[in-house]
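Peer 1: Structure incoming, see below.
The values are calculated or read from the model by the stated rules, or taken from the named source; none is laboratory data. Note that the structure is a prediction, hence the values are computed from the model and not measured. Note: ideal-geometry Cβ built from the backbone for every residue, glycine included; neighbour counts use all protein chains shown.
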Amino acid sequence: MLLQKTEKARLELSPGVRTLSLRERSLLLLADGKPMADLQAMYNGGGAQIVERLMDQGYLTGFASDSVPPSAAPAPAALRSLAGTRMYLFDICERMFARRNAILAENFREALRNARDRDSMLDVGEALLQEIGLLAGSERAATVRERMEQLLPAHSLEPVD
């Protein structure tokens, strides 16, 4: 089964709204069109409980992979935000560095908290990508870069809250 964000999820991911935990929000960012099993495997299997909770609370819906999603997907531009990009980078930082290098992880967390515009977000993102390349290789860094570019608004003066 594939998962899709509901309107409630889109509202949760909009700037200035924070009712869910960092892990729940990160999982929501990745949810649209992803197989349920992929998301359930996140966080060393803890994703299963998060997916179940998000579905129960109306943030996610499922649909068969051979069918059309229950509602038309929003325009990609509607899903792009600096806040969403920052949440994604926080999640990557936690997964890649928190256990391996706590000092580096804290430095990235602080830089992400202070990144309030597109340029500063890109600067932090590039530094993060360099470290990911060193730690996990260029393919992993390229995958993270691709997702980051999908989440970033094209040109924005949007502040990050």
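Peer 1: Any residue that is surrounded by fewer than 15 Cβ atoms within 10 Å (Cβ to Cβ) and either at pLDDT 85 or above or among the hydroxyl-bearing types (Ser, Thr, Tyr) (or both) - is there at least one of those in segment 66-81? Walk me through how you get there before you give the answer.
Peer 2: The initial filter retains those residues of segment 66-81 that are surrounded by fewer than 15 Cβ atoms within 10 Å (Cβ to Cβ), namely 66-68, 70-78.
Retained after the next criterion (residues that are either at pLDDT 85 or above or among the hydroxyl-bearing types (Ser, Thr, Tyr) (or both)): 67, 71.
Yes, that holds for at least one residue.
Peer 1: Would you check which residues across segment 15-31 are surrounded by fewer than 18 Cβ atoms within 10 Å (Cβ to Cβ) and either closer than 14 Å to residue 81 by Cβ or among the β-branched types (Val, Ile, Thr) (or both) and list them?
Peer 2: 15, 16, 17, 18, 19
Peer 1: Collect the residues in segment 32-44 that are under 16 Å from residue 87 (Cβ atoms), in a helix (DSSP H, G or I) and either among the hydrophobic types (A, V, I, L, M, F, W, C) or in contact (Cβ under 8 Å) with a residue 60 or more places away in the chain (or both), keeping them in residue-number order.
Peer 2: Listed by number, the list holds a single entry, 39.
Peer 1: Taking the condition in the same structural domain as residue 141 (by TED's automatic domain parsing), at pLDDT 80 or above and surrounded by fewer than 19 Cβ atoms within 10 Å (Cβ to Cβ), does residue 100 pass? Please lay out each step first, then the result.
Peer 2: Values: in the same structural domain as residue 141 (by TED's automatic domain parsing): yes; at pLDDT 80 or above: yes; surrounded by fewer than 19 Cβ atoms within 10 Å (Cβ to Cβ): yes.
It is true that residue 100 is in the same structural domain as residue 141 (by TED's automatic domain parsing), at pLDDT 80 or above and surrounded by fewer than 19 Cβ atoms within 10 Å (Cβ to Cβ).
Peer 1: Take residue 85 and decide whether it is assigned by TED's automatic domain parsing to the domain that holds residue 20, touching a helix residue (DSSP H, G or I) at 6+ places or on another chain (Cβ under 9 Å) and either under 21 Å from residue 30 (Cβ atoms) or modelled with pLDDT under 80 (or both).
Peer 2: On the way: assigned by TED's automatic domain parsing to the domain that holds residue 20: no; touching a helix residue (DSSP H, G or I) at 6+ places or on another chain (Cβ under 9 Å): yes; either under 21 Å from residue 30 (Cβ atoms) or modelled with pLDDT under 80 (or both): yes.
The answer is no for residue 85.
Peer 1: Given the options 123, 91, name the one that is crowded, with 19+ Cβ neighbours inside 10 Å and modelled with pLDDT of 85 or more.
Peer 2: Details: 123 fails: crowded, with 19+ Cβ neighbours inside 10 Å.
Step by step, each of 123, 91 is checked, and only 91 is crowded, with 19+ Cβ neighbours inside 10 Å and modelled with pLDDT of 85 or more.
Peer 1: Which numbered condition trips up residue 47, out of (1) of a type outside the set (A, V, I, L, M); (2) in contact (Cβ under 8 Å) with a residue 12 or more places away in the chain; (3) surrounded by fewer than 13 Cβ atoms within 10 Å (Cβ to Cβ); (4) within 17 Å of residue 90 (Cα to Cα)?
Peer 2: If we test residue 47 against (1) of a type outside the set (A, V, I, L, M); (2) in contact (Cβ under 8 Å) with a residue 12 or more places away in the chain; (3) surrounded by fewer than 13 Cβ atoms within 10 Å (Cβ to Cβ); (4) within 17 Å of residue 90 (Cα to Cα), just (3) comes out false.
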